[in-house]
Amino acid sequence: MLLLLHSCKSVFKVSPYKTYLNKLESTGLSKTKMGKAWVSNGEEAVRNPLKEVTIPFQESIFFRESSPDALGYIIHYSSARKVKFKVKTTAEEPFGVFIDILERKDQLNNLVSIQSADTVLFYEDKQDKTLILRLQPELLVSGRVDLEIIDEPKLGFPVKGASNSSIKSFWGVDRDGGVRRHEGIDIFAKRGTPVIAVEDGVISRVQETNLGGKVVWQRLGLFGQMIYYAHLDSQLVTAGQEVKKGETVGLLGNTGNAKATAPHLHFGIYTGSGAVDPLNYVLIKDTVPPKLRSEIKYLGNEVVINRGASSAVPVNILSVSSEGVSYKNEFQKLEYSEKLILLSKKPSAKIKTAKQLYKSPVETSAPVGLFNPEKSYTVLAKTGTFVYINQEDTKGWVLSD
Ligand SMILES: [Zn+2]
């Protein structure tokens with residue numbers, strides 16, 4: 001079901017995440033404000049992930065000691081592909097990140113759980129699945145985490161030297177005037193081009209039929225899929241022979257009902273329940289994720305964003321991907337946006353009386369200091385009746401006069 005490479009802890013009875021949770025409980029840390037936030041942010045990340053990922057994908061995250069954050073991603077996994085996750089941390093003091101992959105069905109089912117500062121892992125499965133990926137470091141660590149998700153076809157390309165652009169006829173198109181449908185894809189190349197095994201397996205049949213002409217059938221695994229190579233000019237394997245991925249099974253031609261067509265390989269995949277579309281199993285996709293959004297320069301920092309006509313608020317940039325930005329808003333809640341509009345001109349306000357500075361623009365939020373009208377200050381943001389100021393390196397919200 002899954003293959004883990006270069007991971008430090010890949011086999012678990014109790015997942016590293018659960019082990020850490022137990023540790024927080026036994027030490028009483030789960031009762032502290034920070035501990036509680038760690039637990040609830042982790043739960044929230046898997047229950048309400050902020051975004052759906054389009055592969056190839058990359059994101060950079062900056063975790064801060066003062067804020068026990070977790071990020072969740074939805075990934076629509078196709079059983080025709082192998083997904084590669086790469087996680088790398090950069091920090092003054094190295095720390096491990098909990099990397100959990102869960103399946104979203106009626107309930108959440110943990111499929112992978114590791115803790116690592118630097119890892120590459122592959123995920124593949126026999127069924128399509130909706131996966132949730134969660135990244136969360138231990139409490140009280142600061143540093144950057146770079147995540148990359150790419151995918152590869154599960155099988156090799158069946159025609160030597162050819163690739164996507166040589167596929168010219170697809171699954172499901174009409175054949176014989178609509179009497180049957182095309183149960184495979186056609187890959188065009190010069191007559192005599194080597195047709196190669198897409199995976200290790202055993203040749204189960206080598207025969208000649210009216211439809212397929214000279215064909216080769218290959219079985220993958222004991223009860224695995226059957227691979228069908230048709231219209232070959234010549235067959236270069238025999239039934240019962242074991243072949244390795246990349247070995248030539250025959251030469252490309254136009255035998256069978258393809259004799260009036262240009263030479264091509266008809267390529268098919270059959271499972272226990274019939275033919276499946278082979279395209280995604282061999283399609284080569286871009287493995288370089290799109291560039292990170294320009295907000296990457298603010299990663300881990302506070303910026304002030306426009307929230308409408310008379311509202312501008314400070315947010316802390318938690319992560320930046322090629323698709324959007326996630327940040328902690330003025331109430332320290334996690335939000336996601338495809339585009340941030342930064343405030344271009346600082347707002348102005350004059351406050352003449354001494355008063356309380358708050359963490360958020362509500363009077364019930366935690367006090368962070370006292371505002372002194374005698375000393376100089378900078379106005380950074382404004383929303384409703386609250387003004388966000390910086391005075392002697394203390395930032396906070398104060399009620400306007
Ligand atoms: Zn065909």
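The values are calculated or read from the model by the stated rules, or taken from the named source; none is laboratory data. Because the structure is a prediction, the values reported are computed rather than measured. Neighbour counts run over all protein chains shown; Cβ positions are idealised from the backbone, glycine included.
A few remarks follow.
- Filter pass, Asp277 being within 16 Å of the ligand (Cβ to nearest atom) and out of contact with any Cys (no Cβ under 6 Å at 6 or more places or on another chain): yes
- Hey, Glu302 surrounded by 13 or more Cβ atoms within 10 Å (Cβ to Cβ), at pLDDT 95 or above and not assigned by TED's automatic domain parsing to the domain that holds Arg181 or not: yes
- Residue pairs meeting the criteria (Cβ under 8 Å; at least 6 apart or on separate chains; first of a type in the set (A, V, I, L, M, F, W, C), in segment 348-360; second part of a loop (DSSP other than H, G, I, E, B)): Ala349/Ser400; Ile351/Pro373; Ile351/Tyr377; Ile351/Ser400; Ile351/Asp401; Ala354/Asn372; Ala354/Pro373
- Taken over segment 352-391, residues that are more than 21 Å from Gln332 (Cα to Cα), touching a Phe, Trp or Tyr at 6+ places or on another chain (Cβ under 8 Å) and surrounded by fewer than 16 Cβ atoms within 10 Å (Cβ to Cβ) amount to 2.
- Taken together, Gly221, Gly250, Gly240 contain a single residue that is surrounded by 14 or more Cβ atoms within 10 Å (Cβ to Cβ) and either within 15 Å of the ligand (Cβ to nearest atom) or in the same structural domain as Arg180 (by TED's automatic domain parsing) (or both), which is Gly250.
- Among residues of segment 251-280 that are at positive phi, those with a Cβ under 9 angstrom from a residue that is not in a strand (DSSP E or B), sequence gap 6+ or separate chain, pair up as Gly256/Asn210; Gly256/Leu211; Gly256/Gly212; Gly274/Glu183.
- Total residues in segment 167-205 satisfying the condition of being away from the ligand (no atom under 13 Å from the Cβ) and of a type in the set (Ser, Thr, Tyr): the figure is 2.
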